[in-house]
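Every read-out reported here was derived from the displayed coordinates using simple, explicitly stated rules and does not represent laboratory data. Quantities reported herein were computed from a predicted structural model and do not represent experimental measurements. Quick reminder, even Gly has a Cβ in these numbers, built from the backbone with ideal geometry, and neighbours come from all protein chains shown.
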Amino acid sequence: MPTRTARTDWIGGLQDGSGKVELTSSQVGTYDVSFPKRAADEAGGATSPEELVAAAHSSCYAMQFSALIAEAGGTPQAVEVTADVALGPDKVGGGFKLTGIKLTVRGEVEGLDEKQFIEVAEQAKASCPISKALTGVEITLDAALVS
């Protein structure tokens, strides 16, 4: 399996510095990062590690979920996954940590009822490689079959 790479150039300190994160493997773009924007309610045109984790988690989950739907005998028509990644204070170790991830999935699937859909959604949450990598973070799931 391949290795994927991203790279960040940073100038300055935490509060007064800023950087650019480059999605090196895909070459799809370079994005601004800054701690003040990371900690603000509005991103102000910059991305953050949490947004990048959310992108990784939602896309990984969608792929895993689609595969498991097929294994369960269903046919995925459309799946929408949102990952909300929260950053907060680390009361034990100091600094900050990811305090939770909420996955929301809505899907149009032929061949599975609501109960099967939710069972497969839970299996995908447990078996997605990004979920496995983030076992130190509470991950919740809100799944619903759309008819």
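A few notes on this one:
- Computed about its Cα centre, the charge dipole of the chain is approximately 500 debye, with only Lys, Arg, Asp and Glu carrying charge at their Cβ.
- Between the listed residues T82, S127, A39, the Cα displaced farthest toward the positive end of the dipole of the chain, a dipole computed from Cβ unit charges relative to the Cα centre, is found at A39.
- Size descriptor, Kirkwood hydrodynamic radius, that averages inverse alpha-carbon separations across region 75-147, Å: 13.5 Å
- Length gained on full extension, V137 to L87, computed as 0.36 nm times the residue gap minus the Cα-Cα distance: 16.9 nm.
- Sequence-ordered 3J(HN,Hα) estimates for region 5-10 from the Karplus curve with 6.51, -1.76 and 1.60 and θ = phi - 60° stand at 10, 10, 9, 10, 9, 10 Hz, glycine and proline given as x.
- Applied to region 102-113, the Karplus parametrisation 6.51 cos²θ - 1.76 cosθ + 1.60 on θ = phi - 60° returns per-residue 3J(HN,Hα) values of 10, 9, 10, 10, 10, x, 9, 9, 8, x, 10, 8 Hz, with x for Gly and Pro.
- Which listed pairs, of K102/K125; K37/K97; K20/K102; K102/K132, have C-alpha distances above 21 Å, in listed order: K20/K102
- Each other residue within a Cβ distance under 14 Å of A43 adds +1 if Lys or Arg and -1 if Asp or Glu, for a net charge of -4.
- Residue-wise HN-Hα coupling along region 118-126, computed from phi with Karplus coefficients 6.51, -1.76, 1.60 (Hz; x: Gly, Pro): 5, 4, 5, 4, 5, 4, 5, 4, 6
- Bridgeable aspartates and glutamates around K91 (alpha carbons under 19 Å apart, same-chain partners fewer than 8 residues away excluded): E50, E138.
- Calculation over all alpha carbon pairs of the chain in 5 angstrom steps from 0 returns a P(r) of 2, 9, 16, 17, 16, 15, 11, 7, 4, 2, 1 percent.
- Shape index of region 4-79: Rg/Rh, with Rg the Cα radius of gyration and Rh the Kirkwood radius from the inverse mean 1/r over Cα pairs, equals 1.15.
- Between region 71-105 and region 8-51, the alpha-carbon center distance in angstrom: 20 Å
- Local electrostatic count, D16, Cβ distance below 14 Å [Lys/Arg +1, Asp/Glu -1]: +2
- Long-range HN-HN contacts of L87 with modeled amide H, under 5 Å: T99
- Beta bridges per DSSP with both ends in region 49-145, % antiparallel, nearest 5: 65 percent
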